[in-house]
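Participant: Take this structure first; my questions come after.
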Amino acid sequence: MVTIILLLSCDFWAVKNVTGRLMVGLRWWNHIDEDGKSHWVFESRKASPQDSKTVSEAESRIFWLGLIACPVLWVIFAFSALFSFRVKWLAVVIMGVVLQGANLYGYIRCKVGSRKNLTSMATSYLGKQFLRQTTGDDQTS
């Protein structure tokens, strides 16, 4: 049990800190500011011609397939352990579901959040431009 949990932790760290950054250009982490407040940061790499050479479509598909398949597999193991009354293995299975699910959630937030931030920035910019034109505040310095 201890070996499996240690390997799950190593897999979580490797997928979160290495694989996601190299294969799809996404990363997420927790930042604690000076006030002691916790902030989750989800980001994606900016698209450039050089990045398209380093991130291939095949690697991206393999990454997302593995990222989605692993939590599904752990959920199947959870139901198997629950229905076969193997309670001692349920702790390992729950750790697998939590760690793999956290990676899946983090990378989905990175993927969706990058589009959301871009949309909110564009909306904010267009709103400011519209407000400037309607109020007649066309100051050029």
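The values are calculated or read from the model by the stated rules, or taken from the named source; none is laboratory data. From a predicted model like this one, the values you see are computed outputs, not experimental measurements. All Cβ positions, even for glycine, are placed from backbone atoms using ideal geometry, and neighbour counts span all protein chains on display. Quick note on the areas: whole protein, heavy atoms, side chains included, nothing else; ligands and nucleic acids left out. Shrake-Rupley method; radii C 1.70, N 1.55, O 1.52, S 1.80 Å.
Participant: Report, by residue number, each residue of segment 46-90 that is of a type in the set (S, T, N, Q) and at pLDDT 85 or above.
Facilitator: Ser60, Ser80, Ser84 - these are the residues of segment 46-90 that are of a type in the set (S, T, N, Q) and at pLDDT 85 or above.
Participant: Return the residues of segment 53-86 that are closer than 21 Å to Leu22 by Cα, open to solvent by 80 Å² or more (accessible area, probe 1.4 Å) and free of Cβ contacts under 8 Å to residues at least 12 places away in the same chain; say none if nothing qualifies.
Facilitator: Lys53, Glu57, Arg61, Leu65
Participant: Same structure again: Do you know which residues across segment 22-38 are assigned to a loop (DSSP other than H, G, I, E, B) and of a type in the set (A, V, I, L, M)?
Facilitator: Val24
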